[in-house]
């Protein structure tokens, strides 16, 4: 099984054909997407790759998604709490963990994706 993870950066605006080409060259069975901010773009990407879309909506604009060639038997989207102190901005990561179950070679696999924040601006406490 080949799994690819890809941060498509702000929903992939203007880059969906290029992202589809890059992913097609990797020939993945599963793709975990971060910053799937524009659902219509992610739907276009899923269509271009002939993959099923599983969308994980967050409490802000930074959504996640799975694209799958394999049948998905279970989906859970966990919108997690904010775990930092300081001002909330459009860049504050309201974490979403998108969990799916797929069957592969007779085994049930539990796969998860989320979008982690690299750090916090100076002066923020975690």
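Quick look at the values:
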item	result
Spin-label pair residue 80/residue 27, simplified geometry with 7 Å Cα→Cβ offset, distance in nm	3.4
Cα-only radius of gyration and Dmax that characterise the range 1-86, units Å	13.2, 42
Pairwise FRET efficiency - residue 9 versus residue 101, Cβ, R0 = 22 Å, nearest 0.05	0.20
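Each reported figure results from applying straightforward, stated rules to the coordinates on display, with no laboratory input. Just so it is clear, the structure is predicted and the values come from calculations on it, not from any experiment. In this analysis, Cβ positions are derived from the backbone assuming ideal geometry, glycine residues included, and neighbour counts consider all displayed protein chains.
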